[in-house]
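Report on the structure given below.
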Amino acid sequence: MTRVNSLDVSGMTPDQRNVYDAISNGPRGSVRGPLAVWLHRPELAHTAQALGAYCRYNTLLAPRLSELAILIVARFWSSEYEWYAHKPIALKSGVAEATVEAIRCHSTPTFEQADERAVYEFVSALQSLKYVPATLYRDTFALLGQETVIDLVGLVGYYTLISMTLNAFEINPPSVNKKELE
């Protein structure tokens, strides 16, 4: 990390160590990226990692749709670390390589599945317009349902926080290819 040093486990406060243990023993397996920054403020780290666990593993969104939304957010924020971390997960979860490449290149993907198109349009509108037009909301609501749309907005908010943290503290992925998101 460029702007915030990683904490040494042996020098952590009890609160930091509790959060560190909860994260490293959970499905993430390690403390890295924004979680390592937030660990300097264990209350934030605890709260954010709990929201993140929900957004990543427990929403009503299929993993394919979650990962699509995460890539859209990562691209919007030019968050290289988030892109690096989630591109392989998105591909593995069933997001088409052509879709990933189109998002990377600031192009609108061609979607074969209506749910992917809905997520793309909803997330893109929410980020660029700062709201979701009524027709788009109605169409997405009809396709995904109210609870899934609520989960989608929560996921976008969480990954926006992630991307902002990564960008503010200049956290880059290993072996950064600075042209990857240009």
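With both labels modelled 7 Å from their Cα along Cα-to-Cβ, the E170 to L60 distance reads 4.3 nm.
Pairing the Cα long axis of helix 80-93 with the longest principal axis of the chain, what angle in degrees results, from 0 to 90 and rounded to the nearest 10? Rounded to the nearest ten degrees, it is 60.
First select every other residue whose beta carbon is under 13 angstrom from the beta carbon of L61; then total the charges, Lys and Arg +1, Asp and Glu -1. Please list the in-between numbers first.
Working: positive: R56, R64; negative: E67, D115, E116, E147, D151.
Local net charge: -3.
Ranked by the mean number of other Cβ atoms within 10 Å of their residues, highest first, the peptides 84-93, 69-78 fall in the order 69-78, 84-93.
Only alpha carbons enter this Debye calculation for the range 63-160, each as an equal point scatterer, and the log10 of I(q)/I(0) it gives at q = 0.14, 0.22 Å⁻¹ is -0.45, -1.18.
Which angle from 0 to 90°, rounded to the nearest 10, does the C-alpha axis of helix 114-129 make with the longest principal axis of the chain? Approximately 70 degrees, to the nearest 10. Binning all Cα-Cα separations of the range 9-57 at 10 Å, short to long from zero, yields these whole-percent fractions: 29, 63, 8, 0. Note on L143 and I89: the extension gain reaches 17.0 nm, defined as 0.36 nm multiplied by sequence separation minus the Cα-Cα distance. Computed over the Cα atoms of the chain, pair by distinct pair, the Kirkwood hydrodynamic radius stands at 17.1 angstrom.
Helix 63-76 and the long axis of the chain differ in direction by around 80°, with both axes built from C-alpha atoms. Result for the chain in a Gaussian network model with C-alpha springs under 10 Å: among Y131, Y54, Y158, the largest mean-square fluctuation is at Y131. Of the trypsin sites (Lys or Arg not before Pro) in the range 98-182, the ones in a loop by DSSP (not H, G, I, E or B) with at most 10 other beta carbons within 10 Å are K130, K178, K179.
Every number in this text was worked out from the coordinates using simple rules, so none of it is lab data. Predicted model only: the values in this text are computed from it and were never measured. Note: ideal-geometry Cβ built from the backbone for every residue, glycine included; neighbour counts use all protein chains shown.
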